[in-house]
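Below you'll find the structure, written out as structure tokens, and then a few comments.
Readers should treat all values here as calculations from the given coordinates under stated rules, not as data from a laboratory. A quick note: this is a predicted structure, and the numbers were derived from the prediction, not measured. Cβ coordinates were reconstructed from backbone atoms using ideal geometry, including for glycine residues, and neighbour counts include every protein chain displayed.
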Amino acid sequence: MIMTEEHKMAADTAREFAEKRLRPLAQKFDEDEAIPRELYNEAAALGLFGILIPEEFGGMGLDYIACTVVMEELARVSASFQVCLTVHNSLVSTAIVKFGAQDQKKAWLPKLATGEWIAAYSLSEAGSGTDAGSLVCAARKDGDSYVINGGKSWVSNGGFADFFLVFVSTDKAKGNKGISCLAAHKDTPGFEIGKKEKKMGIRGSDTRELYFKDCRVPIGNRIGAEGDGFKIAMTQLDGGRIGIAAQALGIAQAAFEEATAYARSRRQFGKTLAEFQATQFKLADMATRIEASRLLTMKAARLMAENANATQAASMAKLYASESANKIAFDAVQIHGGNGYIREFPVERYFRDARITEIYEGTSEVQRLVIAREILKN
Ligand code: CAA
């Protein structure tokens with residue numbers, strides 16, 4: 001795909017920021033299991049929190065292709081850092097752009113665009129992960145408010161986000177057609193940030209449980225109509241899955257670069273690893289998978305940019321890119337041998353970070369289900 005000057009500029013900005021500001025700290029994010037807010041503020045100053053928000057609301061007004069190339073560049077250096085931005089841009093901000101009322105856009109988008117507010121998306125619960133439509137966190141109408149009671153799980157950005165999309169059941173009898181989408185600010189009474197998860201990978205990312213105890217949010221914080229929540233959640237995941245495909249691609253690219261450099265310099269039996277055909281074939285497979293992942297991901301991004309249906313393309317991109325990232329990170333560790341198993345070499349982190357890309361925003365099994373349903377629906 002031919003990128004425009006605007007897309008190239010977006011990618012260059014992200015790469016420069018990632019190399020200068022994230023590269024020296026990426027390993028520390030993993031060890032500390034935290035990323036300083038200051039670094040998010042720096043990304044915000046570059047416009048990276050408002051990529052998909054129209055200029056009239058203070059955003060960059062760029063398209064999904066720009067967003068995707070930015071996400072790949074950030075993930076190539078730190079997937080932990082990138083996940084915050086992909087959730088903020090693709091899952092939350094565009095929900096307000098697409099489904100928000102004009103007064104909601106005016107009130108919320110400028111704060112989201114500048115990164116004054118960081119966003120989180122809370123759909124999953126302890127008992128409803130893949131079966132998202134079975135969620136039980138409930139909201140009942142009381143006067144001009146909704147009163148939320150229940151909990152949410154595995155919420156990325158949960159510990160430091162300011163603005164939360166919360167998917168709640170407003171009519172249990174209607175199943176997934178009784179789900180609504182509410183916005184809640186972190187300071188709302190009755191809203192509590194819960195336990196921070198200790199994760200295998202993307203350890204710099206802050207993943208939380210949330211609790212709502214008689215938490216009152218104005219009815220005016222409902223996005224879309226009552227009962228539209230599940231469709232909003234699914235529509236947003238079309239775009240979100242492209243962001244995770246880009247994350248997988250970034251991790252795969254990083255693992256490939258490290259493996260290639262290592263193969264060129266490491267000597268065994270009097271030659272470099274790169275001189276062994278066993279290594280060459282691994283590198284060839286990695287490069288081919290990366291190229292295919294990038295083409296699928298960019299195709300899905302182009303469909304989003306054209307406002308075309310991207311459901312199948314997004315799932316194909318996420319499925320292929322995430323499975324490839326896992327295979328590539330696995331082989332990158334193998335090429336590194338013992339050095340791939342210790343934290344001094346970044347492939348150990350890429351291997352752990354890649355794992356989640358087959359799980360969140362829909363497991364690989366969910367992506368296959370979505371693709372098969374799209375194939376068979378007519
Ligand atoms: N766009 C618009 N509407 C959609 C849609 C889409 N992509 N997918 C489904 N819908 C609509 C359907 O058309 C249907 O509407 P009608 O009843 O009017 O026809 C309705 O939604 C229900 O759809 P399904 O019957 O397909 O629903 P289902 O219960 O069978 O679930 C599923 C399908 C694909 C398994 C879905 O539950 C799913 O995607 N599960 C995975 C959940 C997930 O990805 N969670 C991610 C959490 S967020 C996260 O991970 C963020 C992070 O931390 C980084």
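Overview of values
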quantity	calculated
Euclidean distance between Cα centres, the range 11-33 to the range 93-126, Å	25
Rg over Rh [alpha-carbon atoms, Kirkwood Rh] for the range 227-378	1.08
The chain: translational diffusion in µm²/s, Stokes-Einstein, Kirkwood Rh over Cα pairs, 20 °C, 1.002 mPa s	102
Semi-axes of the equivalent ellipsoid for the range 1-122, Cα gyration tensor, largest first, Å	23, 18, 11
Summed side-chain charge close to ASP214 - residues other than ASP214 whose Cβ falls under 13 Å, Lys, Arg +1, Asp, Glu -1	+1
Helical contribution to [θ] at 222 nm, DSSP H n ≥ 4, -39,500 (n - 2.57), averaged over the chain, rounded to 500	-16000 deg cm²/dmol
Over 32 Å (Cα to Cα) - which of LYS152/LYS282; LYS98/LYS141; LYS172/LYS327 fall in this group	LYS152/LYS282; LYS172/LYS327
C-alpha center-to-center spacing [the range 197-238, the range 265-293] in angstrom	43
Rg ratio (alpha-carbon, reference 2.2 N^0.38 Å) - the range 72-137	1.31
Cα lying deepest toward the dipole's positive end in the chain, options SER364, ALA113, GLN102, charges on Cβ	SER364
Neighbour net charge for GLY58 - beta-carbon separation under 14 angstrom, K R +1, D E -1	0
Given charges at beta-carbon only (K, R positive; D, E negative), |dipole| of the range 10-152 in Debye	220
Order of LEU295, LEU135 under a 10 Å beta carbon neighbour criterion, fewest first	LEU295, LEU135
The range 128-267 - Debye-derived log10 I(q)/I(0), Cα point model, q = 0.15, 0.16 Å⁻¹	-0.79, -0.88
Proximal charge balance of ALA305 [Cβ under 11 Å; K/R count +1, D/E count -1]	0
Listed peptides 231-244, 118-131 by packing density, highest first (mean Cβ within 10 Å)	231-244, 118-131
